[in-house]
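The block underneath contains the structure these notes are about, expressed in structure tokens.
Each reported figure results from applying straightforward, stated rules to the coordinates on display, with no laboratory input. All values reported here derive from a predicted model rather than from experimental measurement. Cβ atoms come from the backbone with ideal geometry, glycine included; neighbour counts cover every protein chain shown.
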Ligand code: ATP
């Protein structure tokens, strides 16, 4: 073990007391079981960077599931076990901790999931993506707080570098290409020179990755604070084209993403909205290719298709003097992110305004009378009821009537 630094006081200062206590107990219990336990991965990186991250990932040289079962008794939380992977998740109050059994991995074929077997912390760290994510902190008594840094992760953090652990890293798992760009842009780091070379060399390896894994990476990117930074870099390196050759990570996209954030603030924009903006310039066929390349779930696929249909209606939506009920009819039924994307992307202020009118007001307008009320007023049961409801809705949308009494009066007038 390297003599290294001790991060116990940093942990105390930066992490919530409840999590610190939990880790301390985890170390004590692992010790009585004759096991070693470590805090690993992103949280160690962020601890050293002084950034908030409370997603604890623990790795046990031993049996993570058994240990988790024992730890569960401490906080009477919920446990979920994944025997196939030898991992467990503990959840209590607002906290969630992942426990994994230390493992080594071998890749039989590039891009496929690796074969895994229980192993030591050293081997567990050696399978990781980047040096800054390959550090651990000991939690056992006598070892508590000690940094395990076998690949110079701390030094790379200091120099703001993203570095792979070995030459075949991107070949083994090309999702690391996307991960590398994500960390580089999130942290304002740089891909280390050789890593950048390897990354460029291995871009074709992205073809070995399943649609589901690529989609997951894209979702992670769109979940970042500034996804446009990643798409810009991905475009520059020729990685974005691997999602679809027609995608652009340009200034226009950056501007639209920024507007999307302002619009949905204080919440971040829905991933579907970012996706619709990213795919905005694609044609019908190109969109369909992207949908199948990423095996997008139904709702996201629908958003992209709706976005294209709406794009073709923008000119109509810009017609001056349209009544609210006409706007409603044009927009009814489309997914909200597709509408927002079009309101942001449209070059016609009138079309954007009409979409916003629908989203902010028209879609909430309802009538008060029900089918039963109408029958009580003397309308015969049958398809008529639906038609009258629609006419009332239209009158409400256009502001011709504003109350339940207005609706009753209007129906009575129609009956006369
Ligand atoms: P984030 O802040 O984005 O959540 P994280 O580092 O916690 O970052 P996770 O995706 O939760 O990222 O992964 C946890 C850890 O597992 C990483 O820090 C890294 O050590 C390792 N890891 C994840 N994905 C890979 C991969 N594809 N190849 C190698 N190691 C990986």
PRE zone check, label point 7 Å out along Cα-to-Cβ of residue 93, amide N under 19 Å, scope the stretch 38-57, hits 52-57
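Quick one: pull the percentage of alpha-carbon pairs in the chain with a separation above 38 Å.
Details: 34659 of 86320 pairs.
Everything past 38 Å amounts to 40 percent.
For Cα pairs less than 8 Å apart in space and 6+ apart in sequence, what is the mean separation divided by the residue count of the chain, i.e. the relative contact order in percent? Mind dumping the intermediate values first?
Details: 606 pairs, mean separation 39.1, N = 416.
With pairs under 8 Å counted, the relative contact order is 9 percent.
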In degrees, nearest 10, the alpha-carbon axis of helix 349-360 is tilted away from the dominant principal axis of the alpha carbons of the chain by 80 degrees
So, in Å, what gap is there between the alpha-carbon centers of the stretch 325-394 and the stretch 226-267?
33 Å
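Based on the mean of other Cβ atoms within 10 Å per residue, sort peptides 324-331, 103-110 so the most packed one is first. Intermediate results must be reported in sequence, preceding the final value.
Numbers: 324-331: 18.9, 103-110: 13.9.
Top of the packing list down: 324-331, 103-110.
Could you calculate the FRET efficiency of residue 299 with residue 386 from 1/(1 + (r/R0)^6), where r is the beta carbon distance between them and R0 is 22 Å, rounded to 0.05? The partial results should precede the final answer.
On the way: r = 28 Å, r/R0 = 1.26.
The value I calculate is 0.20.
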Given the -39500 (n - 2.57) contribution per DSSP H run of 4+ residues, what per-residue ellipticity at 222 nm results for the chain, rounded to the nearest 500 deg cm²/dmol?
-15500 deg cm²/dmol
Using a simple spin-label model with points 7 Å from Cα along the Cα→Cβ vector, what separation in nm is obtained for residue 166 and residue 200?
2.5 nm
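What number, in percent, do you get for the relative contact order of the stretch 207-334 if the mean sequence gap of Cα pairs under 8 Å and at least 6 apart is divided by its residue count?
Values: 88 pairs, mean separation 30.2, N = 128.
Relative contact order comes out at 24 percent.
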Fewest-first ranking of 373, 124, 188, 46, using other Cβ atoms within 10 Å as the exposure measure:
188, 373, 46, 124
Treating every alpha carbon of the stretch 292-341 as one equal point scatterer without solvent, the Debye formula yields log10 I(q)/I(0) values at q = 0.21 Å⁻¹ of -0.74
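When DSSP assigns beta bridges and you keep just the ones with both residues in the chain, what percent turn out antiparallel, to the nearest 5?
Values: 26 of 33 bridges.
Antiparallel bridges make up about 80 percent of those DSSP assigns within the chain.
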Treating the angle as unsigned and between 0 and 90°, give the value, to the nearest 10°, between the Cα long axis of helix 336-345 and the longest Cα principal axis of the chain.
90 degrees
Gain in length, residue 104 to residue 12, computed as 0.36 nm per residue apart minus the alpha-carbon separation, to one decimal in nm?
30.1 nm
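If packing is taken as the average count of other Cβ atoms within 10 Å, what order do 174-184, 312-322, 228-238 fall into, highest mean first? Before the final figure, lay out the partial values.
Details: 174-184: 23.3, 312-322: 13.5, 228-238: 19.5.
Sorting 174-184, 312-322, 228-238 by mean packing, highest first, produces 174-184, 228-238, 312-322.
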Helix 383-397 against the longest principal axis of the chain: what's the angle in degrees, Cα atoms only, rounded to the nearest 10?
80 degrees
Name the residue, out of 370, 81, 101, whose mean-square fluctuation peaks in a Gaussian network model built on the chain with Cα pairs under 10 Å.
370
Convex hull of the stretch 8-160 built on C-alpha atoms - directionally averaged projected area, nm²:
9.1 nm²
Determine the distance separating the Cα centre of the stretch 58-125 from the Cα centre of the stretch 158-176; give it in Å without decimals.
23 Å
